[in-house]
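Each remark here refers to the structure printed beneath this line.
Every read-out reported here was derived from the displayed coordinates using simple, explicitly stated rules and does not represent laboratory data. A quick note: this is a predicted structure, and the numbers were derived from the prediction, not measured. We place every Cβ from the backbone using ideal geometry, glycine too, and count neighbours over all the protein chains shown.
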Amino acid sequence: MWTVEEGIARLREGGAKITSQRIAILRLLKGRTDHPSADQIYGELRQDFPTISYATIYSTAQLLADSGLLQILSIDDKRVHFDPNPQPHGHFRCQACGALTDFPIADNVLHSIRDGAPEGAHSVQIFLYGLCDTCRQENEKESLSPLLTEMECVEV
Ligand SMILES: [Zn+2]
Ligand SMILES: [Zn+2]
């Protein structure tokens, strides 16, 4: 995982002016595993940087992505999510609560994807959809309750 200093160096290489807002975005993204969206970043920074704009967030993210420090995940058509872990890995999206979590992809799987891909392919995104553990348990609780009521009726 990269440091804020490395992030600043890459932004500078990309020709970006290093501002306190860009540094704050780097600090916020660095080491995060919850894949924040631009809305989330905007919300978290707005208090300290009332003039921050979505344009600054997106352009900073794009520069980081171009220099290989960040993945921009377009998992749904409403928003993108930022992932400061540039190593290939899969993402699991909970369709109930929206949580986006990482899962590992074995090297041989990645190799076989690359083998079959056009030569110009430069990135891979693998998404799985379903229910996260928390939501699955919630679901089970809910689907159990009508059953319990039925059994209570039988006992009476
Ligand atoms: Zn969930
Ligand atoms: Zn991730």
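By the Kirkwood approach, averaging reciprocal distances over each pair of separate Cα atoms, the chain gets a hydrodynamic radius of 18.2 Å.
If you add up the charges near Gly7, with Lys and Arg at +1 and Asp and Glu at -1, over every other residue whose beta carbon is less than 10 angstrom from its beta carbon, what do you get? Intermediate values should be presented prior to the final figure.
Values: positive: Arg10, Arg12, Arg22, Arg27, Lys30; negative: Glu5, Glu6.
Within the 10 Å Cβ shell, the charges total +3.
Using just its DSSP H runs of length 4 or more, each adding -39500 (n - 2.57), the chain gives a mean residue ellipticity at 222 nm of -15000 deg cm²/dmol after division by all residues. The residues neighbouring Asp76, those whose beta-carbon lies less than 13 Å from its own, together hold a net charge of +1 under the Lys/Arg +1, Asp/Glu -1 convention.
Among Ser143, Ser59, Ser20, the largest mean-square fluctuation in a Gaussian network model of the chain, built with springs joining Cα atoms closer than 10 Å, belongs to Ser143. Highest GNM mean-square fluctuation, the chain, Cα pairs closer than 10 Å: which of Arg32, Arg93, Arg46? Maximum among the listed residues: Arg46.
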